Amino acid sequence: MIAINIFTAEKSGDRFDVGSVAGSSETSSYIYDIAPGASSCPYHYEYVEEWLLVIAGTVTVRTPDGEQTLDQGDLVCFPAGSAGAHKIMNKSGSPARTLLLARSSAPAVSVYPDSNKIAVWPGNGADELLFVRDTAVPWSHGEPGWDKADA
């Protein structure tokens, strides 16, 4: 068993991958330290529900219903799909720390409505894709003879 203190865990980079450090293969969990005036993510949704716990400070969460302020100890669930779209921002003058939890799944898909992008995360870094929806092609694109039995 690996114990991680969510209040004192130090991270390098944008986030601390608590799930990997703890050895989880079924739950993704990340600690984000969000500086005043910053955001931990663009407005997006995924096809698994996500949970957010405010560990310290105050954050503002944008959802399809508008913005809501969350304080230390507040816990919310973002449902799977577009109803769960969210952006987590720190509009306060003090740092904030959050913990985000979701079921680990590969492949995973993230949709970014503000920028009209979709990301595909298959669990293999070489195959991760992020693209603008308008550049999508039909499934038969580049597949000559796909409709022929001898091709």
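Quick notes on this structure:
- The residues of the chain present an accessible area of 61 Å² per residue when probed at 1.4 Å with all protein chains retained.
- Label separation (Lys91 vs Ser140): 4.9 nm, computed from points 7 Å beyond Cα along the C-beta direction.
- Using Cβ point charges alone (K and R +1, D and E -1), the dipole size of the chain about the Cα centre works out to roughly 340 debye.
- Here the range 18-51 is scanned for amide nitrogen atoms under 16 Å from the site 7 Å beyond the Cα of Ala3 along Cα-to-Cβ, giving 22.
- A crude spin-label estimate for the pair Arg133 and Gln68, with each label 7 Å from Cα along the Cβ direction, gives 2.4 nm.
- For the chain, the fraction of alpha-carbon pairs in successive 10 Å shells from zero, as %: 10, 34, 33, 13, 6, 3, 0
- Gly81 long-range amide H proximity, modeled H, under 5 Å: Glu46, Tyr47, Val48
- Here is the list for the range 77-151: trypsin sites (Lys or Arg not before Pro) lying in DSSP coil, each with at most 11 other C-beta atoms within 10 angstrom of its C-beta, are Lys148.
- The chain - mean residue ellipticity at 222 nm from DSSP helices (-39,500 (n - 2.57) per run, n ≥ 4, rounded to 500): -500 deg cm²/dmol
- Remark: the Cys77-Ser20 segment gains 18.4 nm on full extension, using 0.36 nm per residue and subtracting the alpha carbon distance.
- Taking 0.36 nm per residue of separation and subtracting the current Cα-Cα distance, fully stretching the chain between Lys148 and Lys11 would add 43.9 nm.
The values are calculated or read from the model by the stated rules, or taken from the named source; none is laboratory data. Owing to the predicted nature of the structure, the values given are computational and were not obtained by experimental measurement. Reconstructed Cβ throughout: ideal geometry from the backbone, glycine too, with neighbour counts over all protein chains shown. The area values use the complete protein model at the heavy-atom level, side chains included, leaving out ligands, DNA and RNA. Shrake-Rupley method; radii C 1.70, N 1.55, O 1.52, S 1.80 Å.
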